[in-house]
Amino acid sequence: MAVQALGYLGIGATNLDDWSDFAIRQLGMQQVDRSASCRAFRMDDRRQRLIVDRELAQAERYFGWEVADAAALDTLAARLEAAGVAVRRETAALADQRCVGGLISFRDPSGNRLEAFHGPLVADEPFRPGRDISGFRTGVLGMGHVVLMVADFGPALAFYQNLLGFRVSDFIRQPITACFLHVNQRHHSLALFQHTRLGLHHLMMEMYSLDDVGQGYDLAQAERDRVAVSLGRHPNDYMTSFYMRTPSNFLVEYGWGAREVDDATWQPQEMSTIASFWGHDGLIRSVAGDAPPPPHPPAPPPAGRRAPVQVMEGNYQRLSGVCPWWDATAGR
Ligand SMILES: [Fe+2]
């Protein structure tokens, strides 16, 4: 086991005030650091999860992947170096900035800056959300998932699987090439999409309550052009979510109710469509960008696809059966 979770995300941006407003008022994060050049935000007990840095180039991002401890970090560094990947042992000063015990940095085959770290610092104060939400589902699942568009799909997939220890959840070969990968029970902490437009497509954050998502949807709809993809439900991780444009050129998916995977029993599955059970209007457009539509549009997915909602204790109440016809149907 190498990487265990997505720990943090850093982005380069100059519009720091726009980011503060979006992260606090829309997403419900807590701003903890505000300097002339940098903003940092919490979403749980960790000191920081999202960092927006004016001194980074606009398109530059860094992805913080968590490992168990210092020994695991050394093992990972050695494995990367044995495979010919240039690894940098970062300074204590950078570890302080990242609020971790230690870190290394390296690039994936697409040039994305990755950081692997151990020993994340926990805040002294409880998390205080920026708006009234129940909270973000993080913990051992990490801060969420990221979806990267890559040109060289095969080498990128091999890198994340063979060197960093990601496992395939499911994949699709038509009409696009994509793979969803997990490192813990979260259905995917990373997805790779083969694409000519490179970089981060979206960051997903999962809420404890469907109502957090619905109220976020109301807020986003009140703003012109904030919603990029309408509310919908994904067929692979079962997440009910919508996507927002951020102050930078990637999206945030805001969702609830994703399923978990169990490595003991999980079998990777090939998907025949990325179309959602319902909704998510704009998702295909957000991936395709300005590319011309395919000459033969894919067939619509079959109707009537559905799956049980994924809930946790304290998050649901059982209803009684009320109709003999339904009881008989459910019994079958
Ligand atoms: Fe997603």
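The values are calculated or read from the model by the stated rules, or taken from the named source; none is laboratory data. If you're wondering where the values come from, they're calculated on a predicted model, not measured in any experiment. Note: ideal-geometry Cβ built from the backbone for every residue, glycine included; neighbour counts use all protein chains shown.
The set of residues in segment 133-158 being touching a residue at least 60 places away in the same chain (Cβ under 8 Å) and more than 16 Å from the ligand (Cβ to nearest atom) consists of ILE133, SER134, GLY135, GLY139, VAL140.
Filtered by the rule that a residue be crowded, with 18+ Cβ neighbours inside 10 Å and more than 15 Å from the chain's Cα centre (by Cα), segment 18-30 gives TRP19, SER20, PHE22, ALA23, GLN26, GLY28, MET29, GLN30.
Applying the set (1) part of a helix (DSSP H, G or I); (2) over 23 Å from ASN184 (Cα atoms) to ALA72 leaves exactly one unmet item: (2).
Checking TYR316 against (1) of a type in the set (Phe, Trp, Tyr); (2) modelled with pLDDT under 85; (3) closer than 23 Å to VAL213 by Cβ, only one condition comes out false. Which one? The single condition TYR316 does not satisfy is (2). Any residue at all in segment 202-211 that is within 16 Å of the ligand (Cβ to nearest atom) and surrounded by fewer than 16 Cβ atoms within 10 Å (Cβ to Cβ)? Within segment 202-211, none of the residues are within 16 Å of the ligand (Cβ to nearest atom) and surrounded by fewer than 16 Cβ atoms within 10 Å (Cβ to Cβ).
What's the total number of residues in segment 18-44 that are among the acidic types (Asp, Glu) and not in a helix (DSSP H, G or I)? Spell out how you get there, then give the answer.
Our first condition is that a residue be among the acidic types (Asp, Glu); within segment 18-44, this holds for 18, 21, 33, 44.
From the residues that got through so far, the ones that are not in a helix (DSSP H, G or I) too are 33, 44.
Selection size over segment 18-44: 2.
Residues of segment 160-179 that are in contact with a Leu (Cβ under 8 Å, 6 or more places away or on another chain) and either away from the ligand (no atom under 13 Å from the Cβ) or not aliphatic (A, V, I, L, M) (or both): TYR160, GLN161, LEU163, LEU164, PHE166, ARG167, VAL168, SER169, CYS179. Restricting segment 174-201 to residues that are touching a Phe, Trp or Tyr at 6+ places or on another chain (Cβ under 6 Å) and not in a strand (DSSP E or B), the residue that is surrounded by the most Cβ atoms within 10 Å (Cβ to Cβ) is HIS188.
Residue by residue through segment 1-17, note down the ones that are part of a loop (DSSP other than H, G, I, E, B) and surrounded by fewer than 24 Cβ atoms within 10 Å (Cβ to Cβ).
Filtering segment 1-17 for residues part of a loop (DSSP other than H, G, I, E, B) gives 1-4, 13-15.
Passing the criteria: MET1, ALA2, GLN4, ALA13, THR14, ASN15.
Out of all the residues in segment 70-84, which are in contact with a helix residue (DSSP H, G or I) (Cβ under 7 Å, 6 or more places away or on another chain) and among the aliphatic types (A, V, I, L, M)? Those that are in contact with a helix residue (DSSP H, G or I) (Cβ under 7 Å, 6 or more places away or on another chain) and among the aliphatic types (A, V, I, L, M): LEU80, ALA83.
Residues that are touching a strand residue (DSSP E or B) at 6+ places or on another chain (Cβ under 6 Å) and not aliphatic (A, V, I, L, M) were ranked within segment 70-98; the one that is surrounded by the most Cβ atoms within 10 Å (Cβ to Cβ) is GLU90.
If you take the residues in segment 303-332 that are under 25 Å from the mean Cα position of the chain (by Cα) and polar (S, T, N, Q), which one is surrounded by the most Cβ atoms within 10 Å (Cβ to Cβ)?
Within segment 303-332, the match that is surrounded by the most Cβ atoms within 10 Å (Cβ to Cβ) is GLN310.
For segment 218-234, the candidate set comprises residues that are within 16 Å of the ligand (Cβ to nearest atom) and of a type outside the set (A, V, I, L, M, F, W, C); within that set, the residue that is farthest from TRP256 (Cα to Cα) is SER230.
Yes/no matrix, rows are residues, columns are (1) within 20 Å of PRO308 (Cα to Cα); (2) buried (at least 23 other Cβ atoms within 10 Å of the Cβ); (3) within 14 Å of the ligand (Cβ to nearest atom):
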| residue | (1), (2), (3) |
| --- | --- |
| ASN236 | yes, no, yes |
| TYR243 | no, yes, yes |
| SER248 | no, no, no |
| VAL252 | no, yes, yes |
| GLY255 | yes, yes, yes |
| GLU260 | yes, no, no |
| ALA264 | no, no, no |
| PRO268 | yes, no, no |
| ILE274 | yes, no, yes |
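Determine whether GLY119 is buried (at least 19 other Cβ atoms within 10 Å of the Cβ) and in contact (Cβ under 8 Å) with a residue 40 or more places away in the chain.
On the way: buried (at least 19 other Cβ atoms within 10 Å of the Cβ): no; in contact (Cβ under 8 Å) with a residue 40 or more places away in the chain: yes.
No.
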